[in-house]
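Below: the structure, in structure tokens.
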């Protein structure tokens, strides 16, 4: 987007002027579709270390979309941990395949904010300039342009979302929201246990807090992140966390008594888990009868090991949640309703940096810049990287 | 029951003549309630080894039942593993307490066939001579007589059940039936995995076979039960098991291929588990997407350790089943419907021996006889012992 348009867009977003915003977007979309497009994708031809196998490749402009489809231009696409796992070949999903200069390649990226630049025949409910995301997993969002089936595409609300929030709404906040709502009908004043301290966990804290649901949060052991632990605790607390502890507290015998006091003896019936192993087991001891343990990750790389007695005598139920499955099993209307609800919650933008490759014309140099950023990303507690191609 | 009545009762049961049966039962009930009653219970005053802490104690005849209650006389009461665990103090349920000769004692027994001998005011739907079981756990069924609340009592069908089947219907067959029906709507031709080879497992095999549901059964490793393994496999197969393997087969790489062939590639979506540990984990690999793992025991004494990925990506759900909870959460009508359905299935009587203490007048000698039988029961693969007091 031209700098002036970009400024106008920011202003319109801040002022929540939908008509101005739509006009600016439309203008930007036309400009970008009429400009000589530099189409690019981040691709790989074999699985491996992303800093070695990922490359930036230019490709020819897309043909007009076929009936029932949309051509979209991606504005901002996050690099999520699961995207990295797909490049490594250790995640149970297949990337999009494309042909560039006669060679078949995989395109990375599952999530990202796009805007509609061309609407195919027979498509209802989309206009040029609409902000959209893909409801189908592994859409190859690390591309400047793609053709998406309208039925697989989710329109975002016309106002209320920043570019960064829109680009990161589909996976983490959606996962947090669905886990808080699909297993149990939580009421104001109910309590939830969780061990997520990254983006899903942060969204859980915020969404719960907006509804008056209280969270007890366990974060990594103190020695892992040394001095950063106090910042982490402060940051989760500022998002609305009611209590934040390190795993060391799980060995503290007064914890159970404190939890009973805070909850006034009401059983805790939901626990959200992305860790596994002994600390997760220790957390389940604070669950009451008829509780649901919902797992969405396994950062400890250890299995979920639980005493059978908890299932039999406390009626614990263990489930998993995978947002990709949720999208697959829900209608376009359901998906758009979810986006409306998430937008209305006005979640805080995740800590991020934007990796802008659009000012680097040379594919080789752009690849170097990308790989350098990926190398940085491997360090723990880095910010989320959002790609602008 | 007098010998002649007993013979008549057996004949009426076999010929399925409900009116004759009811008349015989009524006659027997009157005889036994008018005879000088030898009331006895198997009691304990502290937790410990059952062969050391259980005693037979005589007590005074019951007063007439209060309004809304029934006096019942137990005919046959099984000694189940969980009863032993309660005596040991390692099971999460409390036994019934009674006062005998001024001393407060616990009475054992959760399951047993009783007949109604006296009906309290205001009780609907019960008559003297009805066969009943307790719908409330830990009713103290190791007694000749007890007073039960009518609302906690389940009437058995007037025909179709032998004494042994009636005395053992409430826990094992009920558990098997509920696990096969509460989590999934299985259709004829569907497959179930299970690792129970004792009474619940045997009931699962029979109930599944009656409905055309197929079972793949895993039983203990060959070295544990040496030469008996072939008998075990033959006996489960004769009950209707489609395939029976020892745990060694879980390491056989052809098993997966065979299962795919048998199931024609249809995903297996129910697994019933009473073992836990590595063999249970190995079995879950043969489950398809959206499967339910239902645990009702932990004979390996190892936790249920499963990869989190199975929950997230295959949408595995893990539950427990406790028949006591089922009874607690269901109405008297539901409970009686369950008994009707189970009766109609005409399950095979479990292998058993009846420990008849009624011919031993002396409490001390009856206690010796009981402890001797309990000692025998500790050996693996013993028959179920049914108490007749």
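The values are calculated or read from the model by the stated rules, or taken from the named source; none is laboratory data. Just so you know, these numbers come straight off a predicted model, no measurement behind them. Quick reminder, even Gly has a Cβ in these numbers, built from the backbone with ideal geometry, and neighbours come from all protein chains shown.
Tabulated values for the structure
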| item | result |
| --- | --- |
| Meets criteria (modelled with pLDDT of 95 or more, more than 7 Å from every other protein chain (Cβ to nearest Cβ) and crowded, with 19+ Cβ neighbours inside 10 Å) for residue A:366 | yes |
| Breaking point among (1) in the same structural domain as residue A:146 (by TED's automatic domain parsing); (2) touching a residue at least 12 places away in the same chain (Cβ under 8 Å), for residue A:368 | (2) |
| Leading residue by the ranking (nearest to the other protein chains (Cβ to nearest Cβ)) among those in the range B:250-261 that are crowded, with 17+ Cβ neighbours inside 10 Å and without any contact (Cβ under 8 Å) to a residue 40 or more places away in the chain | B:250 |
| Selection count, the range A:84-113, where residues are in contact with a strand residue (DSSP E or B) (Cβ under 9 Å, 6 or more places away or on another chain) and not in a strand (DSSP E or B) | 10 |
| Residue match in the range B:262-276 (condition: part of a strand (DSSP E or B), within 11 Å of chain A (Cβ to nearest Cβ) and more than 25 Å from residue B:212 (Cα to Cα)) | no |
| Meets criteria (more than 9 Å from chain B (Cβ to nearest Cβ), in contact (Cβ under 8 Å) with a residue 60 or more places away in the chain and over 24 Å from the mean Cα position of the chain (by Cα)) for residue A:279 | yes |
| Count - residues of the range B:213-238 that are modelled with pLDDT of 95 or more, touching a helix residue (DSSP H, G or I) at 6+ places or on another chain (Cβ under 6 Å) and surrounded by fewer than 20 Cβ atoms within 10 Å (Cβ to Cβ) | 0 |
| Matching residues, the range A:56-81, being closer than 24 Å to residue A:171 by Cα and surrounded by fewer than 19 Cβ atoms within 10 Å (Cβ to Cβ) | A:81 |
| Test: residue in the range B:319-327 that is within 18 Å of the chain's Cα centre (by Cα) and more than 11 Å from chain A (Cβ to nearest Cβ) | yes |
| Matching residues, the range A:27-48, being out of contact with any strand residue (DSSP E or B) (no Cβ under 8 Å at 6 or more places or on another chain) and at pLDDT 95 or above | A:46, A:47, A:48 |
| Residue in the range B:329-340 that is out of contact with any helix residue (DSSP H, G or I) (no Cβ under 9 Å at 6 or more places or on another chain), in a helix (DSSP H, G or I) and within 14 Å of another protein chain (Cβ to nearest Cβ) present | yes |
| Number of positions in the range A:40-59 that are farther than 21 Å from residue A:149 by Cβ and more than 24 Å from the chain's Cα centre (by Cα) | 5 |
| Looking only at the range B:292-308, and only at residues there that are more than 7 Å from chain A (Cβ to nearest Cβ) and surrounded by fewer than 23 Cβ atoms within 10 Å (Cβ to Cβ), the one that is nearest to residue B:271 (Cα to Cα) | B:292 |
| Condition check for residue A:374: in contact (Cβ under 8 Å) with a residue 12 or more places away in the chain, more than 9 Å from every other protein chain (Cβ to nearest Cβ) and under 30 Å from residue A:44 (Cα atoms) | yes |
| Strands (runs of 3 or more DSSP E) (entirely within the range A:114-226) containing at least 1 residues that are more than 14 Å from the chain's Cα centre (by Cα) and assigned by TED's automatic domain parsing to the domain that holds residue A:289 | A:191-194, A:214-219 |
